[in-house]
2 protein chains.
Amino acid sequence: MNLPDLNVFATAARLGSVTRAAHALSTVQSNVTARIRLLERELGVQLFDRSYRGITLTPKGEQLLPYAQQMLTLAENARSAVSGPGDVRGVLRIGSLQSTASARLPEVLKAYAQRHDGVDISIVTGTSTELIDHVVKNRLDGAFVSGADAHPDLDAVTSFVEELVMISPAQYRTIRDYLKHSSVPKVLVFRIGCHYRRQLEHYLAGLGVGGLNQMEFGTIDGIIGCVAAGLGVSLLPRSVVERSARRREVRIHTLPRSERYVETQFVTHRAQVRSLALEQLTAVIQSDKTAQRRA
Amino acid sequence: MNLPDLNVFATAARLGSVTRAAHALSTVQSNVTARIRLLERELGVQLFDRSYRGITLTPKGEQLLPYAQQMLTLAENARSAVSGPGDVRGVLRIGSLQSTASARLPEVLKAYAQRHDGVDISIVTGTSTELIDHVVKNRLDGAFVSGADAHPDLDAVTSFVEELVMISPAQYRTIRDYLKHSSVPKVLVFRIGCHYRRQLEHYLAGLGVGGLNQMEFGTIDGIIGCVAAGLGVSLLPRSVVERSARRREVRIHTLPRSERYVETQFVTHRAQVRSLALEQLTAVIQSDKTAQRRA
DNA sequence: ACGGTGCCATCATAAGTAATGATTCTTTCT
DNA sequence: AGAAAGAATCATTACTTATGATGGCACCGT
């Protein structure tokens, strides 16, 4: 087992294709095949299932992948610890809530990219529960989530504090006003699992509203648009609403203090070896946070 | 950077000699030299200082070593995760208090060796503070210590609960009896830093005895012998005293409940990748503990 | 001072591994 | 059936690694 071969393995696993891995590694297809076969022979197990459409990891391959990744990041870290950072490169797989992605991430990523280009960042969005699962299962290097209820396998740092606001069609001046006019309030939420939804339910329960009529959305603008059109209300970070092109079409209701704030945390796997790129990203998040606090 | 070369590097670092590393790895000296030089060229730093007596790590080399070790244990772990454990081999560097080493370790090591031979274990003894430092600095894989005051970098599991007893020359029937006859009590202890010493001071302070006259020893039998000869008193685990050939020559005083027990813990580095051999050792320790409890 | 000893570096050569490009095999899509 | 996409195989070339012999350096004992 040696590191170059593990790198070939990990790349092929990521790209799902021998040919594409060969291109990515600037070598030829037959070589990638040979390296992988060597690994398989050495370990005595099949790592990939081959098909006409490419390759997919076998369960054994899935098992090997995290080890391979850790060894490779350790090698990277060792290199830069010993012979100076050089330019950090690699891939960071980051997850984010959609609201964070649209309102907060651009700034963070811009700051990050300015300081450290050479790192490719891929962002996937999802609900907190999904993202946390991905980080735990090592399919993401880190994620911005809400309410990471102190998961034992995760490290979390608070990255943003969001003010939540409720939005309603523009004609209602207060939330009670809206509730009065719609016997069963309609609530527009992101996909199920989103943390904001619980917050919203809790708040409305406090106002004596029980059964919610829920609609699920994939995009922020969809939600705001539908609220504007009178379809229902929603709960979103103020930063998201303010940034929307359609913000004049809805009314923004400030929430009582106790319900108002929600923390977005950046979570990473505790037991995993942290790549330099990831260290740098957390550093940027931290500095962004202090900048925010000063403002 | 590849794993075989890192293994050469780590072995050479451990043995402090190119030639001996070559023997240990069943290759030739010139090859070891070449592998190391390749690593040095690749990283652009000097890893060893060469002298006529062998080689020693440079600071850069020291930096690299823990990374190399982690990658190598990860490779081992990966291999056995994917293609079954095979036989685990390697080196475990374990630290122990001298009292634990003489009274408790033989049993543990015997149980371990029965189940998993092929692992070489080296035991070094020292005081808790020394050993903890070694584990933190990664010069030991684990250590049996007392009073590992929740060091943030260490994981600790309680491995033995020792009953401490005081021993005095045989003619004194109680501790007070001894104290009456010697205005400044002499206390025989292991090297400074030993946790038992604090315990003893605390206990004697409770009996109204202040300034202790202390003598330092390197061996258990030395202490017991000197106590027998009337030189002073000491505080030791009952298991140690009972096992001594000279136990009839001293009197054993049971301590009050509150001072009686001390826990020996097995500590390991929290952030370090754990080798399989180390996992197995902790497993043996755990099972030994439950066996002990049942007895 | 001088040969002996232990240790590392260097070098030419042999042995072994890895990369390439061309070709073949397999599976699906049209 | 033919085309397309993708992986395996293979002979060849390029490169790395291992070997054993040799040389150099710093000490040690006489």
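Every number here is computed from the coordinates shown, using simple stated rules; none is lab data. Since we're looking at a predicted model, the values are computed, not measured. Positions of Cβ are generated from backbone atoms using ideal geometry, with glycine treated the same way; all protein chains shown enter the neighbour counts.
Note on B:LEU231, A:LEU3: ascending count of other Cβ atoms within 10 Å places them as B:LEU231, A:LEU3, the fewest first.
Quick check: the angle from helix A:59-83's long axis to the longest principal axis of chain A, C-alpha only, nearest 10 degrees? Once rounded, one gets 80 degrees. When B:SER83, A:SER30 are arranged by Cβ crowding within 10 Å, least crowded first, meaning fewest neighbours, the order is A:SER30, B:SER83. If you look at the Cα atoms of the stretch B:65-155, you get an Rg and a Dmax of 14.5, 40 Å. Under 5 Å from the amide H of B:VAL165 lie the amide H atoms of B:LEU236, B:ARG238, each residue being 5 or more positions distant or on a separate chain, with H modelled from the backbone and absent for Pro and chain starts.
Note on the stretch A:1-84: percent of Cα-Cα distances in each 5 Å bin, starting at 0 and stopping at the bin with the largest distance, equals 3, 15, 25, 26, 17, 8, 4, 1, 0.
Percentage of Cα-Cα pair distances in the protein assembly as shown greater than 46 Å, rounded to whole percent? Tail of the P(r) past 46 Å holds 39 percent of the pairs. Averaged over peptide B:59-70, the number of partner chain Cβ atoms lying within 10 Å of each residue's Cβ comes to 3. For B:ARG41, inter-copy separations between label points set 7 Å beyond Cα along the Cβ vector come to 2.8 nm, shortest first. Normalised by 2.2 N^0.38 Å, with N the number of residues, the alpha-carbon radius of gyration of chain B equals 1.21. Under 5 Å between amide hydrogens, built in the peptide plane, is the criterion, and for A:ILE121 it picks out A:LEU92 among residues at least 5 positions away or on other chains. The angle separating the long axis of helix B:3-15 from the principal Cα axis of greatest extent in chain B is about 40 degrees. Sparsely packed loop sites in the stretch B:1-90 (the trypsin sites (Lys or Arg not before Pro) outside DSSP H, G, I, E and B with at most 11 other Cβ atoms within 10 Å) comprise B:ARG53. Would you please name the chymotrypsin sites (Phe, Trp or Tyr not before Pro) within the stretch B:32-115 that are DSSP coil residues with at most 16 other C-beta atoms within 10 Å of their C-beta? Answer by residue number: B:TYR52. Projecting 7 Å from Cα along the Cα-to-Cβ direction, the label point of B:ARG198 sits 4.1 nm from its equivalents in the other copies, listed shortest first. Indicate, rounded to the nearest 5 percent, the antiparallel portion of the DSSP beta bridges found entirely in chain B. Here the share of antiparallel DSSP bridges comes out near 65 percent. Our helix-only sum for chain A, with -39,500 (n - 2.57) per DSSP H run of n ≥ 4 divided by its residues, gives a mean residue ellipticity at 222 nm of -14500 deg cm²/dmol.
Helix A:105-115 axis versus longest C-alpha principal axis of chain A: approximately 40°, rounded to the nearest ten.
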